Amino acid sequence: MELELEPDLERYPRAEKVLSLHDVLAGKYASYRRKIEEHWRSFNQEQRKQCLKDGMVGGRVLQHSSDESLGQLWMIMPEWNLQDLTKPGSDSLLELLEFRALKTVYDQFREGINSSLGDLAYIKHMMANNGLRTRGDFPRQYGFFLNEDHYGVYITLMPGQSGPPDAFADRIVDIATADLVLLRQSYILQALVIIIDDILAHEEGFPGRPAAMSPKDIRLPHMVDITSIQRDAADGYLWMLRTEPSILAHAVNDAFFSRPELVPGDKGSNPLALVPDRHKSMSSAFFDVIFNAIRTVAVWRYLEHLIEYLEAQASPENKACHAVILREIANVAHLKYSHDKASLKRHVQAGIGINCFKRLPDSQDVSGNPRVVMKGDPAKIARGNKQLQLLLRLCQDETTLSKATECLKSLSELHDKHQHVLNKLAVGVFNALMKLHSVTEFIQQITAVMSLPSVSRNSGQQFIVATQEAETKLNQLKNGFNLADYGFTIDLFEPGMTDEAFGALEHYIVDNTGTKPDDWYQNIIDKCFTSIQLECEQRLDKANSAKTAQGKYIPFPAEPCDTKAKVRVEPRREKLKTRAWDQHITETGPPTTEPVTTEEEQALPPQTFKVSAATAEVFSKLFDKTKARSSISWTSFEAAFAELKFTVVPKFGSVFTFYPPGTMAVNKSLTVHRPHKSHIEGYHIPMFAGRLKRLYGWGEETFVAA
């Protein structure tokens, strides 16, 4: 008997985690099986116990299979106990690892190790005989475990619909049972993934399991690195806009279809939605995309300079200038928060929340864009839609950073419980939400390190005012820019068209202002940073004078700002200005080189890897432009990196960091957002490929199927 299922059934959220964990476990086991067995068999009982404890929260592990001291854990995964797994000479853990890594999760669902109860039968036994229960009552909801393709999907039967066919009773279960089965599988698989890293920590050259760094562990040098990573990611995106037509086309279309003119007016009419000149509107969208990308690079670059400068002035003798630098960092970081918040509002008001906003006629914001306001309180206008209500809260002007953090946490919890709710978000809203998530996390980290002051509206406003003035001027220039004037159609997919479009934009800006596009914000950075240095010098001079008058003079260098910061900041800026992506923005000719980071990395010979056919296929889809680029599941992407001995660590929301092994020529981690609906496809494929090429130098020839 065949049971037909709709192809778009949502997978139960915990099932996604189980499948992902199994892919990671299988990849690690295939790569390290021999080493795992060697080390585990060489450990004494105390070493084995320590490995188990290191991988559990608080080091709490069952003493034996009937240990009830940790609540219901003994009913979920009784095999994970110190007595059975750490006996000298016992291979119980290795047998469990082999079974869970080599058998599919569907096989594990049906049958256990050594023909014992499978996960479903085991959970049913515990529910019937030991009172194992999950919270809540979910009538008429079922979990489907039909096969590998339909594993852990769920469905709610409507009144009048019959239950699942009896022939599938062993594969279709009530949602409470399904939840416990997936909980058991996720607990065991996660414990095995972690213990592999702890076992291999004894292997020379293996990176081990990076510990999640709590805010209290982060120090100023870490923030320099974190900010540099953000700036480099912004650099990379700008470069990819310049070199990948599909990425540019997606960005331009996204800007075009989220423009505020599409929001209905206060009387419900939408006269501006009928665009009389599509070429002109697409040209404006192209203009916005490029200058927003340049602005993002500039903000992160300025923050990088400021944090480096603070690090160089960290000595207590320079305390007089700390307040100046911290004030500037606080203001600029919150400026970035306001940019990302505005981006989220732009996408929400033109999409999921279009009926919750109205465009005010003949009214503009400070940058000259049509002014759009919310129609009322989010709790009322969202009409019971929890996701929409939280998104609207994030869009409100009065939503402070602390309130935004609470909203983002609530959204993450909602999405963890209901993956299908997240999947309903449009890609533009999802991407904007992830950016807001990222910048709030950054501000939380930097606040924990530096004790940032509150945002000042009276002092330290030079950079903010200068960027607002630049945006106002750019909006005026945008009104006169039309790619059609330079002989272009709106199709930016044509070979060579992106280069020429960038050239047209540069000529237009230079002709009207005498300044190249990238120099708009670089000039602001130079002016503001010089002003900060001057204010620091003045404060230090004043402090020195006061100490001299008190007879407690402490000598300072004649030029306080000619320090490590100046050595690090100024040359770095010059170096950045010669990078290939900068040339792309400021030169009309086609790019001749790809962006690089350091001379040392340029000198490194390209690495090649012999990998499994599945991993080779993943990277082929990423790098081989001669093939039609199809979809890559996130689980396949993670498994490919696991085979390369990378360690995958979830950060927050949908952000993951991939840590390379010590054998990698470039020892840099990769931090990425898991794409919408957990599939890398469309414009995301060249985006990911570009990141990997820039970071590790990987390409089509890097991976060879063994």
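Put simply, the amide H of Phe609, placed in the peptide plane, has neighbours under 5 Å in Phe703, Val704, leaving out anything fewer than 5 places away on its chain. Treating r as the C-beta distance of Leu102 and Glu37 and R0 as 22 Å, the FRET efficiency rounds to 0.95.
Taking amide H atoms as placed 1.01 Å from N in the peptide plane, the amide H of Val173 lies under 5 Å from those of Gly143, Phe145, each 5 or more residues away in sequence or on another chain.
Order 422-432, 105-115 from most to least packed using the mean count of other Cβ atoms within 10 Å.
Per-residue mean Cβ counts within 10 Å order the peptides as 422-432, 105-115.
With Cβ to Cβ distances under 13 Å as the rule, what net charge do the other residues near Ala382 carry (K, R +1; D, E -1)?
Around Ala382, the surrounding residues sum to +4.
In the stretch 295-351, one over the average inverse separation of all distinct C-alpha pairs is 12.8 Å, which is the Kirkwood hydrodynamic radius. Computed on protein heavy atoms with a 1.4 Å probe, the accessible areas place Ser363, Ser283, Ser630 in the order Ser630, Ser363, Ser283, largest first.
Counted residue by residue at 0.36 nm each, then reduced by the alpha carbon distance between them, the extension gain from Val224 to Asn147 reaches 22.9 nm.
The values are calculated or read from the model by the stated rules, or taken from the named source; none is laboratory data. Here the structure is a predicted model, which is why all the values come from computation and not from measurement. Methodologically, a virtual Cβ is constructed for each residue, glycine included, from the backbone with ideal geometry; neighbour enumeration extends over all protein chains shown. To get the accessible areas, we keep the full protein, side chains included, count just its heavy atoms, and leave off ligands, DNA and RNA. Shrake-Rupley method; radii C 1.70, N 1.55, O 1.52, S 1.80 Å.
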